[in-house]
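Just so it is clear, none of the values below were taken in a lab; they were calculated from the coordinates. A quick note: this is a predicted structure, and the numbers were derived from the prediction, not measured. Cβ coordinates were reconstructed from backbone atoms using ideal geometry, including for glycine residues, and neighbour counts include every protein chain displayed.
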Amino acid sequence: MTRAGAQALTVLAAPLNIHTLRALENGPMELLDLRRAVGSPPESTMRVYTRALEGLDILERRRSNEFPATARYTLTPVGESLLKVADFLQEWLRAAPDGPILLGSVAARNGTKALIGGWSSNIVRAVAARAVSLTDLNMLIPKISYPTLERKLGAMRTAKLVSPQPGAGRGTPYGATEWLRQAVIPLTSAAGWERQFVPEPLAQIGRLDVEAAFLLSIPLMVMDPGITGTCRLSVEVRAGSEPALAGVIVGIEKGKVMSCTSRLEGESQASASGSAVAWMRQMNGGPPGHLEISGSFPLAEAITGALGALGVLPGGMSRN
């Protein structure tokens with residue numbers, strides 16, 4: 001199953017797509033000029049890619065009334081918005097463990113595909129919670145074959161999205177690297193783009209998407225040492241035709257994250273809840289006030305504020 005955000009990132013993983021979008025940033029271009037600008041791929045290849053982008057309403061093709069007729073390509077508002085997602089993906093790639101990666105390169109394609117594979121298979125959800133072995137993954141994700149899990153986990157390890165952790169059981173446990181946790185920024189940005197431009201139910205945000213996003217981002221929070229307590233963070237999702245809540249309960253002691261569980265039934269001193277759109281605004285560095293707060297307001301405000309701070313990228317560029 002494709003998870004929220006995967007479709008947008010799949011488009012951006014293809015180097016030719018990125019080069020095409022960047023070439024059209026400055027205005028419309030005829031096909032011949034566009035081909036030259038992106039490295040002169042075969043005409044048949046170029047047409048396949050441009051038609052796919054047209055099908056997603058990212059590009060628009062207009063034919064002139066002149067003779068001979070020519071086709072000019074231009075970015076649509078959907079494409080212009082997707083370029084903003086590309087900016088956040090590029091910022092994430094710049095922070096790669098082995099040095100900056102340029103979006104549109106083979107290395108960027110491989111790293112992004114490894115992220116998409118781990119996200120869509122729920123491996124990211126699993127390793128974000130705790131270090132797990134391939135055997136553990138096989139039990140946690142029974143709908144995916146062992147060889148497929150092995151291949152996807154291997155790609156994630158090669159890309160340095162996961163790393164081996166100490167363990168006494170059978171098999172090597174793998175945990176999320178800090179770079180994988182930072183991927184929550186392009187993932188949520190991509191999911192936000194899909195909610196705006198991709199028809200339901202393809203852009204639907206589900207329970208596992210919500211849990212994975214929180215489990216990735218919570219350990220990245222920087223908080224004041226005076227903050228202590230437990231807080232429930234919940235998002236309104238749909239379970240079939242019925243509304244439901246998904247999220248985590250976070251335990252903080254002296255500004256440090258001590259626990260984070262996806263079981264929402266436990267006790268908490270504060271809570272913050274809202275729709276997926278409200279949470280995206282909060283985690284994208286937007287202004288506060290979109291979430292419903294109850295219990296200890298200072299505790300909930302400190303945690304949601306720390307999550308919102310993750311939405312500001314290097315250089316002061318906000319995702320909002």
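Across region 205-314 the C-alpha pair distances fall into 5 Å bins from zero in the proportions 2, 13, 24, 28, 20, 8, 2, 1, 0 percent.
Give the shape of region 130-267 as rounded, prolate or oblate, defined through the alpha-carbon gyration tensor: a ≥ b ≥ c are the square roots of its eigenvalues, a/c under 1.5 means rounded, and otherwise the shape is prolate if a/b is larger than b/c and oblate if not.
Cα axes put region 130-267 in the oblate bin.
Considering the zone a paramagnetic label at Ala309 would reach in this model (a point 7 Å from Cα along the Cα-to-Cβ line), which residues of region 244-258 have amide N under 16 Å from it? Residues passing the 16 Å test: 252-258. Full extension of the segment from Leu220 to Val257, taken as 0.36 nm per residue of separation minus the current Cα-Cα distance, would add 12.4 nm.
How much length is gained on full extension from Thr158 to Val106, taking 0.36 nm per residue of separation minus their Cα-Cα distance? Each step should come with its number before you reach the end.
Values: separation 52, 0.36 × 52 = 18.72 nm, distance 1.38 nm.
Fully extending the segment from Thr158 to Val106 adds 17.3 nm.
For region 57-163, the relative contact order is 17 percent, taking Cα pairs closer than 8 Å that sit 6 or more residues apart in sequence and dividing their mean separation by the residue count.
How much length is gained on full extension from Phe297 to Glu150, taking 0.36 nm per residue of separation minus their Cα-Cα distance? Mind showing how you got there, number by number?
On the way: separation 147, 0.36 × 147 = 52.92 nm, distance 4.42 nm.
The Phe297-Glu150 span can extend by a further 48.5 nm.
Of the labelled options (i) 192; (ii) 156; (iii) 103, which one gives volume of the Cα convex hull per residue in Å³ as computed for this structure? Here volume of the Cα convex hull per residue in Å³ agrees with entry (ii). With R₀ fixed at 30 Å, the C-beta to C-beta distance from Thr74 to His290 puts the FRET efficiency at about 0.30.
Students often check this: by mean Cβ neighbours within 10 Å, which of 244-255, 269-280 ranks highest, and how do the rest follow? List each step's numbers first, then the result.
Values: 244-255: 18.4, 269-280: 20.3.
Taking the mean over residues of other Cβ atoms within 10 Å, the ranking is 269-280, 244-255.
Assign one of three labels to region 86-179, namely rounded, prolate or oblate, based on the Cα gyration tensor with a ≥ b ≥ c the square roots of its eigenvalues; rounded applies when a/c is under 1.5, prolate when it is not and a/b is larger than b/c, and oblate otherwise. The shape class here is prolate. For Lys152, the lysines whose Cα comes closer than 18 Å to its Cα, not counting residues fewer than 8 places off in the same chain, are Lys113, Lys143, Lys160.
Once both labels are positioned 7 Å from their Cα atoms along Cα-to-Cβ, the gap between Gln269 and Ala244 label points is 3.1 nm. In this simple spin-label model, placing a label point 7 Å from the Cα along the Cα-to-Cβ direction at both Asp57 and Arg36 gives a separation of 3.3 nm. Across the chain, the mean sequence separation of Cα contacts (distance under 8 Å, 6 or more residues apart), normalised by length, yields a relative contact order of 15 percent. If R0 equals 25 Å, the separation of the Cβ atoms of Arg94 and Gln196 corresponds to a calculated FRET efficiency of about 0.50. In whole percents, the pair-distance distribution calculated for region 1-122 from its alpha-carbon pairs, binned every 10 Å from zero, is 13, 42, 32, 11, 2, 0.
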